[in-house]
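Let me begin by presenting the structure, written as structure tokens, before commenting on it.
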Amino acid sequence: MQYTEFKGKKISRLGFGTMRLPMDAEGKIVQETVNQMMDYALSHGVNYIDTAYKYHGGDSEIYTGRALARHPRESFYLADKMPTWLCKKNEDVKTIFEDQLSKCGVNYFDFYLVHNIDEETWPNIVDLDIVPLLVNEREAGRITHLGASFHCGTELFREVLTKYGDAMEFVQLQLNYFDWEYEKMEEFYQIAREFDKPIVVMEPVRGGMLANPMSEEARRLLDGAASTPACKSPSGEGSDYAAYALKFVDRLPGILTTLSGMSTPEQMEDNIRIFDAPAMSDEEHDAAIAAGRALQSDILVPCTACNYCDECPSGIPISKIFSMYNNAAVHGFHNIWDSLSGQYNALEKNAKDCIQCGACESHCPQKIKIMEELQKIDAKYAELEAKGE
């Protein structure tokens, strides 16, 4: 494992993100598998473990804490986040923080973040003095390093770092070769470098989309350039798409660690292999940029399947519908083996059940106009049904 030097610490270049822990058929986290993955990660040099208050509906901290409790506290660095949108008064910050320590089974966090700063949450963050309150926790020794994650525009990103730059030691950004131009993340990267803030990378594979690019042109570009062990598949035939995505961000100067939300032991083993490999070549890097542009012309709904919208009161599986739709779109809305409209209508809940409450949109980090997209998708599947697709 390769490491980043950060204030006297060696931080693994690969971080274990716990947003997508292994689950059984009933949607319950499988503790035994989490333990197995955690054991493998720590024994192979991964030491940055990332969780959050709302991951897995509030269960991620609990299962992550149980897995980590079986290891010496000094053998890992644990990161957690303050869910700013849940804070209605100053006292909520303290209450949530205490709850997080309890759920994780620790008495301090190595890294702690103000979670999801955007144009909607920012006024509340300032009004409630959330950053100064967390600085107090750092001074009390219950936070070692303080930072923030961002889903905002560049203007607010710069404003936050100007106001709280002295307090924030690092930033967390959604960097990947698709969003490099699509969401103008290169600009965010340059601002972070300007303020000398190390970057924790989130969504490097964009919710799994870049592990299996839904574009023939993108795959052709990546396959054609794959020449190093970093990006070639282990079999030696073709390219390793997930490796392309991970190595793209890992080669950037100023990266503290890259989070990967791994769901299986196999993914853990594969990602550690990828981070043990040398850097990608310049040709592979350029191919990734070109593949990102090709994907921009094919992708329809830029969903990362973070599932922040999973509290839909109607129970609509929003990210699943978006994934089905995108996959159908890049295949020309035709499937010789099955009925696309049949798959959609077989869902227990679909876009027809949307009550237009807007709860999903208020939680979406990608700022997708979810209600509007669901209406379009429902109309498209009705069209496909009429055509017999």
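Just flag the GluC sites (Glu not before Pro) in the stretch 1-41 sitting in loop per DSSP whose Cβ has no more than 16 other Cβ atoms within 10 Å.
Glu26
If you look at just the Cα atoms of the stretch 132-286, how large are its Rg and its Dmax in Å?
In Å, with Rg to one decimal and Dmax whole: 17.2, 54.
Once you have a ≥ b ≥ c as the square roots of the Cα gyration tensor eigenvalues for the stretch 115-173, tell me rounded if a/c is under 1.5, and otherwise prolate or oblate according to whether a/b is larger than b/c.
On the way: a/c = 2.05, a/b = 1.57, b/c = 1.31.
Prolate, since a/c reaches 1.5 and a/b exceeds b/c.
Take every DSSP beta bridge whose two residues both sit in the chain, then give the antiparallel share in percent to the nearest 5.
15
Sum -39500 (n - 2.57) across every DSSP H segment of at least 4 residues in the chain, then divide by the residue count to get the 222 nm mean residue ellipticity, nearest 500.
Mean residue ellipticity, 222 nm, calculated: -13000 deg cm²/dmol.
How much area per residue is accessible in the stretch 39-115 when the probe is 1.4 Å and only protein heavy atoms are counted (Å²)?
Value for the stretch 39-115: 37 Å² per residue.
By its C-alpha gyration tensor, with a ≥ b ≥ c as the square roots of the eigenvalues, how is the stretch 44-177 shaped: rounded for a/c under 1.5, else prolate for a/b larger than b/c, else oblate?
Prolate shape, in that a/c is at least 1.5 and a/b is the bigger ratio.
At 1.4 Å probe size, with no ligands or nucleic acids counted, give the accessible surface of Ser362 in Å², nearest ten.
60
Are there cysteines in the chain with no second cysteine's Cβ under 4.7 Å away, and if so, which?
Isolated Cys, the chain: Cys87, Cys104, Cys152, Cys231, Cys303, Cys306, Cys312, Cys354, Cys357, Cys364.
Add +1 for every Lys or Arg and -1 for every Asp or Glu among the other residues with Cβ under 12 Å from the Cβ of Asp276, and state the total. Before the final figure, lay out the partial values.
Numbers: positive: Arg13, Lys247, Arg273; negative: Asp250, Glu269, Asp270.
Spelling it out: positives minus negatives among the neighbours equals 0.
Of the heavy-atom accessible surface of the stretch 217-280 (probe 1.4 angstrom), what whole percent is carbon and sulfur?
Roughly 52 percent of what the probe reaches on the stretch 217-280 is carbon or sulfur.
For the stretch 211-251, list log₁₀ I(q)/I(0) at each q in 0.15, 0.21, 0.26 Å⁻¹, using the Debye formula over Cα point scatterers of equal strength and ignoring solvent, two decimals each.
Computed log10 I(q)/I(0) values: -0.29, -0.58, -0.87.
If you count only protein heavy atoms with a 1.4 Å probe, what accessible area per residue comes out for the stretch 342-383, rounded to a whole Å²?
Details: 2250 Å² over 42 residues.
I get 53 Å² per residue for the stretch 342-383.
What FRET efficiency comes out for Glu389 versus Asp127 if R0 is 41 angstrom and r is the Cβ-Cβ distance? Round to the nearest 0.05.
Efficiency at R0 = 41 Å is approximately 0.20.
Over the heavy atoms of Glu311, what accessible area does a 1.4 Å probe trace out, to the nearest 10 Å²?
Roughly 100 Å² of Glu311 is accessible to a 1.4 Å probe.
Could you tell me the largest-minus-smallest coordinate of the C-alpha atoms of the stretch 88-135 on each of the three principal axes, in descending order and whole angstroms?
Per principal axis, max minus min of the Cα coordinates gives 32, 20, 17 Å.
State, to one decimal in nm², a quarter of the convex hull surface area for the C-alpha atoms of the stretch 239-314, i.e. the direction-averaged projected area.
Average projection, Cα convex hull of the stretch 239-314: 7.3 nm².
Just to verify a number: FRET efficiency for Glu217 and Glu74, C-beta to C-beta distance, R0 = 45 Å, to 0.05?
Efficiency for this residue pair is about 0.40.
Just check the stretch 1-100 against the gyration tensor rule for me: Cα atoms, a ≥ b ≥ c as the square roots of the eigenvalues, rounded for a/c under 1.5, and otherwise prolate or oblate depending on whether a/b exceeds b/c.
Numbers: a/c = 2.19, a/b = 1.21, b/c = 1.81.
Verdict is oblate for the stretch 1-100.
With the cut-off at 32 Å, tell me which of the pairs Lys163/Lys367; Lys103/Lys380; Lys81/Lys367; Lys94/Lys352; Lys103/Lys367; Lys10/Lys88 have Cα atoms farther apart than that.
Lys103/Lys380; Lys94/Lys352; Lys10/Lys88
Roughly how far apart, in whole Å, are the Cα centres of the stretch 344-369 and the stretch 251-304?
28
In the stretch 1-144, what percentage of the DSSP-assigned beta bridges are antiparallel, given to the nearest 5?
Around 30 percent antiparallel, to the nearest 5.
With each label point set 7 Å from Cα along the Cα-Cβ vector, what nm distance links Glu269 and Ala167?
4.5
Hey, any idea what % of the stretch 68-179's accessible area is carbon plus sulfur with a 1.4 Å probe?
C and S fraction of accessible area: 49 percent.
Distance between the C-alpha centers of the stretch 33-58 and the stretch 136-168? Whole Å please.
First find each Cα centre; the distance between them is then 24 Å.
Given the protein chains as shown and a 1.4 Å probe, how many square angstrom of Lys349 are accessible, to the nearest 10?
80
In the P(r) worked out for the chain, what percent of Cα pairs fall beyond 38 Å?
Every Cα pair in the chain considered, those over 38 Å come to 18 percent.
The values are calculated or read from the model by the stated rules, or taken from the named source; none is laboratory data. Predicted model only: the values in this text are computed from it and were never measured. We place every Cβ from the backbone using ideal geometry, glycine too, and count neighbours over all the protein chains shown. For the accessible areas, the whole protein counts, side chains as well, though only heavy atoms, and no ligand, DNA or RNA atoms are used. Shrake-Rupley method; radii C 1.70, N 1.55, O 1.52, S 1.80 Å.
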